[in-house]
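Report on the structure given below.
Where a number appears in this text, it was derived from the coordinates with a stated rule and is not lab data. Only a predicted model underlies this, so the values are computations on that prediction, with no experimental measurement involved.
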Amino acid sequence: MTSDLRPEAFRALRRGRFGDPYLYVPECRSTQELLRDTALPEGAVAVAEHQTAGRGRLGRTWEDAPRSSLLCSVLLRPGSGVLPQLSLVAALATAEAVEELTGREAQVKWPNDVLVDGRKVAGILLEQAGGAVVAGIGVNVGQERGELPEVTRTPAGSLRTASGRGYDRGVLLAELLVRLEGGYDSWAARGLAALRPSLEARNALGGVRVQVGDVGGVAGSIAPGGGLEIVVPSGGTVVVESGEVEVAGSVDVDE
């Protein structure tokens, strides 16, 4: 299985405006740091074969074995106050790309994870960079079971462990960027409402008992503003805009 992310190989795969310019390095601390130049245009992409200080949400680390993951960041200029929604836009694009490449259902676990068979195969990290947003996307592609972290809040997986076969990371990146460009343009024109049906179809938390901060109950839909609806024991619905999700388990629909 070839998996060449170098510029000369990716140039033949790119199908949209995202990915130009294309910054490629064999190794860096984090691809997020490569896009802090505010002079870069929207759609600039940074890719690395290995990160020595990869980051996740809430200060967590993102571990990768060299040349086994898709590690990329995309520069966006959406305006202010939209990070929670953009996280869902990027997660949906990643899930769609994974589904297209593997033929396996991928779910979005609010607010920023992508799951296959209940295991986390991808995560999103959004950071402000001046007037822009850098969207970091990490996908576990070729790892075997023993190469994945053992102690994680959500069990870790990869596209290989989910399907038993390898995948070309360049093809995945090209599909991801096309999906992200389309989803981002739809969101910019019509808001999250344009993507909610696709998000809801992949909502991994629907009907699951969760705790987010001091709010506990049964997770429902993804709200119009990008928050998570939670039906609390009193019968009302609370929308949480951000936070760490603790999963307790699924419930019957009639409960």
>> If you restrict to DSSP beta bridges whose two residues both lie in the chain, what percentage is antiparallel, to the nearest 5?
In response: 85 percent
> Rg and Dmax of the stretch 208-250 over Cα atoms: what are they, in angstrom?
Replying inline: 9.2, 25
> Mind checking the log10 I(q)/I(0) for the stretch 7-201 at q = 0.09, 0.19 Å⁻¹? Debye, one equal scatterer per Cα, no solvent, two decimals.
Replying inline: -0.28, -1.45
> So what's the gap between the Cα centers of the stretch 1-23 and the stretch 94-158, to the nearest angstrom?
Replying inline: 20 Å
> So what are the ³J(HN,Hα) numbers for the stretch 6-19, from phi and the Karplus equation (6.51, -1.76, 1.60; θ = phi - 60°), rounded to whole Hz, Gly and Pro as x?
Replying inline: 5, x, 5, 7, 5, 4, 6, 9, 5, 10, x, 7, 5, x
> Expressed as an acute angle from 0 to 90° and rounded to the nearest 10, what is the orientation of the C-alpha long axis of helix 83-102 relative to the principal long axis of the chain?
Replying inline: 70 degrees
> Hull surface divided by four, with the convex hull built on the Cα atoms of the stretch 134-255: how many nm²?
Replying inline: 9.7 nm²
> How far is helix 169-190 tilted off the main Cα axis of the chain, in degrees rounded to 10, range 0 to 90?
Replying inline: 60 degrees
